[in-house]
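Report on the structure given below.
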Amino acid sequence: PRIPSFLLHWLWWRQAYPDSMRSLRRFRSLRGFLVHELTGADAEDPSWASRTMLMDLVTSKWSQSVLAAAGLPIDVLPEIHPSTSAWPVLRAAGSRFGLSPDARVVLGGIDNCSAVLGATDPSEERLVNIAGTYEHMAGVGPLDVARCSAAAVDGLVHTYHLPGRYLSYSRVLLGNLLLQAAEGSPDTLGRLLDGVSDDPEGQTIGLEEGAVRSELRAGTPPVVVIQRLLESSGAILVRYADAWVAAGQQVDRIVAVGGGAANPRPLQLKANLLGRSLSTLT
């Protein structure tokens, strides 16, 4: 369930629930379901479609070769429309929600693409650190650059909102691991984050629940576990940034966004690891 790929979901569902899958009519995201209920449109944007692992990134169309290999019929998939596509709300649906008769629904895109909407100018070439439940380093650029930077961190590539531009990013479930180290309490986590040193210690920890539990059982103080988690995540951010530069892109500053960017201590630690300025948007 944690893998954001309809391809993998389909392969699992087809094996686990073959009878149900034989009567499959539609694959839709929750967003796609709401768009259909409100407007009657059966649509998804390229950023979401690229997340399914069923779309050709170059053509922004469903990949016939991938669908054939997976045994998935194309007629169960929605049409792919630009993120800016909009439709009028159906009268019956609008009345149920008290919407204006001229209300329209805009398709939009996935959150990670929208989080870096500031990186719309090719000359800007900045990276974004998305810090929250998941920790990402994300950048928007040409397809070859996106693929190189994603490969360096076992990350993902999505079609961006702008034509000819692609989003790549790392993906680590850091927020949940930090909460586990803080015994699940956000308040405790905030106090422990304040106790994290600004200077890297050089010790890392595996970014999975088993590694966190092992450290805590061994008597490692939670603040030390948290510091090591941040340094492990920071090492991934460094690999991504280095790959971005190696692909010919400039990195003058990195902007941090998301709930995890509220505490300055982790930002300072990551900035030290990256050797670059890390700032928040105000």
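With every protein chain left in place, what is the accessible area per residue of the chain in square angstrom, probe 1.4 Å?
50
Please state the charge dipole magnitude for the stretch 38-140, taken about the Cα centre, from unit charges on C-beta atoms (+1 on K and R, -1 on D and E), reported in debye and rounded to the nearest 20.
340
May I ask for the net charge around R51, where only other residues with Cβ less than 11 Å from the Cβ of R51 are counted and Lys, Arg are +1 while Asp, Glu are -1?
-3
In the chain, which whole DSSP H runs stretch at least 30 Å along their own axis (Cα) and average -1.0 or higher on the Kyte-Doolittle scale?
222-246
Mind checking the log10 I(q)/I(0) for the chain at q = 0.07, 0.12, 0.17 Å⁻¹? Debye, one equal scatterer per Cα, no solvent, two decimals.
For the chain, the Cα-only Debye profile gives -0.32, -0.87, -1.27.
Hey, if you put +1 on the Cβ of every Lys and Arg and -1 on every Asp and Glu Cβ in the chain, which of I236, P266, I130 ends up farthest toward the positive end of that dipole?
I130
Would you tally the net charge around Q227, using a Cβ to Cβ cut-off of less than 13 Å, leaving Q227 out, and scoring K and R as +1, D and E as -1?
-3
In percent, what relative contact order does the stretch 200-250 have, based on Cα pairs under 8 Å that are 6 or more apart in sequence?
40
Can you run the Rg to Rh ratio on the stretch 140-276? Use alpha carbon positions and the Kirkwood inverse-distance Rh. Intermediate values should be presented prior to the final figure.
Values: Rg = 16.0 Å, Rh = 15.9 Å.
My calculation puts Rg/Rh at 1.01.
Among 226-237, 51-62, what's the highest-first ranking by average C-beta atoms within 10 angstrom per residue?
226-237, 51-62
Express the carbon and sulfur contribution to the solvent-accessible surface of the chain as a percent, rounded to the nearest whole number, probe 1.4 angstrom.
On the chain, the fraction of accessible area on carbon and sulfur atoms equals 55 percent.
Diagonalise the Cα gyration tensor of the stretch 2-143 and give the resulting equivalent ellipsoid semi-axes, square root of 5 times each eigenvalue, largest first, whole Å. The partial results should precede the final answer.
Values: eigenvalues 137, 123, 41 Å².
Result for the stretch 2-143: semi-axes of 26, 25, 14 Å.
What relative contact order, as a whole-number percentage, does the chain give when Cα pairs under 8 Å and 6 or more residues apart are counted? Walk me through the numbers before you get to the answer.
On the way: 471 pairs, mean separation 44.1, N = 282.
Computed over the chain, the figure is 16 percent.
The values are calculated or read from the model by the stated rules, or taken from the named source; none is laboratory data. Keep in mind it's a predicted model, so treat the numbers as computed, not measured. All Cβ positions, glycine included, derive from the backbone under ideal geometry; neighbour counts span all protein chains shown. Heavy atoms of the whole protein, side chains included, go into the accessibility calculation; ligands, DNA and RNA do not. Shrake-Rupley method; radii C 1.70, N 1.55, O 1.52, S 1.80 Å.
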